[in-house]
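**Q** After the C-alpha cells below, expect a handful of questions from me.
The values are calculated or read from the model by the stated rules, or taken from the named source; none is laboratory data. Bear in mind that the values here come from a model prediction, so they are computed numbers and not experimental data. Reconstructed Cβ throughout: ideal geometry from the backbone, glycine too, with neighbour counts over all protein chains shown. These area figures cover heavy atoms from the full protein model, side chains too; ligands, DNA and RNA do not enter into them. Shrake-Rupley method; radii C 1.70, N 1.55, O 1.52, S 1.80 Å.
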Amino acid sequence: MKLLIIAGFLGSGKTTLLLEVARRLTAVSQRIAIIENEVGEIGIDGEYLRQEGMQVQEIFGGCICCTLSADLVLTLEKVERLFQPDLTIIEPTGLARPGDVVATVRGYAPMVTDILVLVLVDATRYEMLSEMLTPLLTAQIQAADIVVINKIDGVDGANIDLIAMNVGLLNAQAKVVAISAEKRINLEPLLRELL
Amino acid sequence: MARETMTSKERVEAALRLEKPDRVPIVPALMVAAASHLAGVSRAQVCADVNVAIDALLKVFDDFGGWDAIWQPVPDVPHLFQLILPMKIKVPGIDLPDNYVMQILEEEVLKPEDYDKIAEMGWFKFHTEDCIFRVCDTTPEDVTKWAIEAFAAMSRVTAEVEKRGVSLLLGSAAMHPFFTLSLGRSMVKFTEDLYYSPEKLERALKRLTAEFIQSTITACKVSGTKVGNCTEERASAFYYPLWVFERFWWPYTMEIVDAMWSEGLVTLFHMDTPWDKNIPYFKKLPRGSYILELDSTTDIFAAKEVVRGHGIIHGDVPAALYSLGKPEDMEAYVKKLIDEVGGDGGYILGDGCSTAADAKPENFRAMLETAKNYEFSKK
C-alpha cells in the first residue's frame, strides 16, 4: 500500500489540499482512500467523496501519533482489505509530528510499502509561527519529502523565496513547491510529484 | 518467592516520599474510554451517566485483581468535563456512534477580549457564568446540578476505593492555566496572542494561577488526598521554544508548586508530548514536591536520570503496546521500567497518557501481573 501523509500546523490548508489532490487523482482513475484524524473547520464530506469514488475513514478522539495508534493500524488494514487503493492519504491532526505517524506505520503496519510525507506551511503566518512554534515546525519540515508553501496568493514573491530558503536550510533533501490550494494556483507540479 | 510487606496505601506513600517500597506501586490512568472497553459497556452508556462510568471503572478494578490506587477522583464523562473544559465535546451516543471515543473540538471559543474579563472576574466565574454556555447547550440550573453531581461522584469514588483498601491518587482534575487558555482560544489563536498581545494574556494567566492554587488545595483537602493534578499538553519544547516556556509557563508553575508544597501537597504534572528539554527545570522545585506523569513520548529513562532522588515519576506504558503488542512484549517493557526507573524508588507504574482506549485485556492483565510479581520473583 502506498501512503501519502499530508501534515502541517492547524490552519495551514491540509484539508483543502487533501480534497483537491484526491479529486484530481480520482479523475485520472486512481483509487483513493482517505484517513482523517482531524475535525477541522472544513469538514470532510464522507458521503460526497464516496460518491466520487473515494473511501473515507475517520479516526476520532485523539491523535494518531499517540493514544490512537492502534486505530490507525487497524484502519489501514481495513482499507487495504476492503478497498485496495492505489493511494491512501492520511491527514493527521495539526499538532502531530509526521515522523511519529511514520514510526507507528513502520512499526506496526507491514502492509504499507511506500510512505510519502507532504508538509504544508502557511506562507501568510510563517514568520510568526516559525518564531513561536520553532520546534514543531522544524520537526514537521524535517520529516517531509515534499514541503508545500501554501497560500502564496496572500504574500509577495520575495516572501515566498525567503520561506523556501528557510525550508531548504532545515531540510535540503525535500522538494519545495509553492501553491495556493484554495485558489488552485500551481497545483500541477505538485500532482506530478505525487503520481 | 518473597511476598508483599506493605499495603497499597503504604506503597504509594513510600513512592511519594521518594523511597523504595516493597514493590513498585501500580496506578493505571484509567479513563472512561478504556474502562468502558475493558468492562464491556458502551461508551455512550458511560458518557451518559457518571455512576455507570464509576461502575465500569470498579468492574475493571475487580475483574483484573485490583491495583494500588485509583487515578482520578471523577470519571471524565463529557458533561462533568465541561465544568473545567472551555471546548465543545462531541459525545458518543449523541453526536457520534455509540462506541466512538468522545471528540474534543479545537475551535476558537474564547475571544481576545475575554482575557480582560478573566483577569477581572476570575476564571471560575467567567467559565460558569459565560464560557460554558458557548460550548454546550445547557442552563445555569444544569451547571449547578453538574457541580453537585461531580461532588457526589468524588464522594462515591472515595468510598469505593476505601472499601477496596486502596487510595485515591489525585484529589483534583485541573489543567494548567496556560493549557486552559490555549484550549479555549485554540492553539493557533493562542500562539498569535503570545506573539502579538502577551501582556493581556499574562494578566489572565496570573488570575487563573491564583484560582488554580486555591481550588486545587481545597479539592485535595476535601478528598483527603496529597496529590493535585495539573495537566499540560502544549507547553513543552515539542511545540514552543524554551523562551516561551520560561516566560509563560514556568513562573506560574513554580508559584503553583510552592503554594501546594507549603500545604504539604504534591503536584502531579500530566505531561503529554515530549518534555525532554524541559525536564531539567523541575530540579529547581523542592525535592519531592512534584510528580512527572510521562506519556511515553518523553524518554522516561533519561528523565529518571535527571530527577533521580528529587522528583517522582509516573508512567509510561505506551498506548501502542497496550493495543498492538503481545503480553510478552508488555512483560518485557514493564520489567525494564521497574529495573531502570523503579530501582531506587520514587516511581509509580502507569500508562503513557492514559490506558489505551482499545487496550487488549490480555495486555492490561500482563502489565498488572508483571508489576505485582516481578520484583518478588527476583528475591
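**Q** Return the average number of partner chain Cβ atoms within 10 angstrom of each residue Cβ along peptide B:317-329.
**A** Averaged over the peptide's residues, the number is 4.
**Q** How big is D for chain A, in µm² s⁻¹ as a whole number, if Stokes-Einstein is applied with the Kirkwood radius of its Cα pairs at 20 °C and 1.002 mPa s?
**A** This corresponds to a translational diffusion coefficient of 128 µm²/s.
**Q** Per residue, how much accessible surface does the stretch B:190-246 expose to a 1.4 Å probe? Answer in Å², no decimals.
**A** 38 Å²
**Q** Starting at the first residue of the stretch B:287-294, write each ³J(HN,Hα) from the Karplus equation 6.51 cos²θ - 1.76 cosθ + 1.60 with θ = phi - 60°, in whole Hz, x for Gly and Pro.
**A** The phi angles translate into 4, x, 8, 9, 10, 9, 9, 9 Hz.
**Q** Each label point is 7 Å from the Cα along the Cα-to-Cβ direction; what then is the distance between the points at B:Arg134 and A:Thr138, in nm?
**A** For B:Arg134 paired with A:Thr138, the spin-label model returns 3.3 nm.
**Q** Okay, next question. Considering only C-alpha atoms, what is the centroid distance from the stretch B:320-374 to the stretch B:177-209, in Å?
**A** The distance from the Cα centre of the stretch B:320-374 to that of the stretch B:177-209 comes to 36 Å.
**Q** Continuing with the same structure: Which of A:Asp86, A:Asp153, A:Asp114 ends up with the largest GNM mean-square fluctuation for chain A, with Cα atoms connected below 10 Å?
**A** Greatest mean-square fluctuation among the candidates belongs to A:Asp114.
**Q** With a 1.4 Å probe, what is the total accessible area buried between chains A and B, in Å² rounded to the nearest 100?
**A** It comes to approximately 2600 Å² buried between A and B.
**Q** Additional query: What nm distance separates the two modelled labels at B:Asp98 and B:Lys59, each placed 7 Å from Cα along Cα→Cβ?
**A** Going by the 7 Å Cα→Cβ label model, 1.3 nm.
**Q** Counting heavy atoms of the protein chains only and a 1.4 Å probe, report the per residue accessible area for the stretch B:280-378 as a whole number of Å².
**A** Normalised by residue count, the accessible surface of the stretch B:280-378 is 31 Å².
**Q** A drop of at least 30 square angstrom in accessible area, chain alone versus all protein chains together, probe 1.4 Å. Which residues of the stretch B:173-222 meet that?
**A** Residues of the stretch B:173-222 that lose at least 30 Å² of accessible area once the other chains are added: B:Met187, B:Val188, B:Thr191, B:Glu192, B:Tyr195.
**Q** Using a 10 Å cut-off on Cβ atoms, rank the peptides A:125-135, B:4-14 from the highest mean neighbour count down.
**A** The densest-packed peptide leads the list: A:125-135, B:4-14.
**Q** Work out the FRET efficiency for A:Asp114 and B:Lys221 from their Cβ-Cβ distance, taking R0 = 51 Å, and round it to the nearest 0.05.
**A** 0.35
**Q** Another one. Of B:Lys111/B:Lys206; B:Lys20/B:Lys335; B:Lys200/B:Lys226; A:Lys14/A:Lys175, which pairs sit farther than 23 Å apart, going by alpha carbon to alpha carbon?
**A** B:Lys200/B:Lys226
**Q** Report, as an integer, the average count of C-beta atoms from other chains found within 10 Å of each Cβ along B:343-354.
**A** 1
**Q** A follow-up question, please. Quick one: work out the % antiparallel among DSSP beta bridges in chain B, nearest 5.
**A** Counting only bridges with both partners in chain B, antiparallel ones make up about 5 percent.
**Q** The stretch A:132-155: which residues show an accessible-area loss of 50 Å² or more, assembly versus chain alone, 1.4 Å probe?
**A** By number: A:Met132, A:Leu133, A:Pro135.
**Q** Now for a different question. Give me the accessible area per residue for the stretch B:103-159, probe 1.4 Å, as a whole number in Å².
**A** With the other protein chains kept in place, the stretch B:103-159 gives 52 Å² per residue.
**Q** Using a probe of 1.4 angstrom, how much of the accessible area of chain A is carbon and sulfur, in percent?
**A** 48 percent
**Q** Mind listing, in residue-number order, the residues in the stretch B:76-108 that have at least 40 Å² less accessible area with every protein chain present than in their own chain alone (1.4 Å probe)?
**A** B:Tyr100, B:Val101, B:Gln103
**Q** If you don't mind, another one. Using only DSSP helix segments of four residues or longer, with each worth -39500 (n - 2.57), what per-residue ellipticity at 222 nm results for chain A after dividing by its residue count and rounding to 500?
**A** -12500 deg cm²/dmol
**Q** How large, in percent, is the carbon and sulfur part of the accessible surface of the stretch B:199-344 at a probe radius of 1.4 Å?
**A** 53 percent
**Q** Something else: Considering Cα pairs under 8 angstrom that are at least six residues apart, work out the relative contact order of the stretch A:143-195 and quote it in whole percent.
**A** This gives 42 percent for the stretch A:143-195.
**Q** Can you compute the modelled spin-label distance between A:Glu182 and B:Gln214, with each label point 7 Å from Cα toward Cβ, in nm?
**A** Output for this residue pair reads 4.3 nm.
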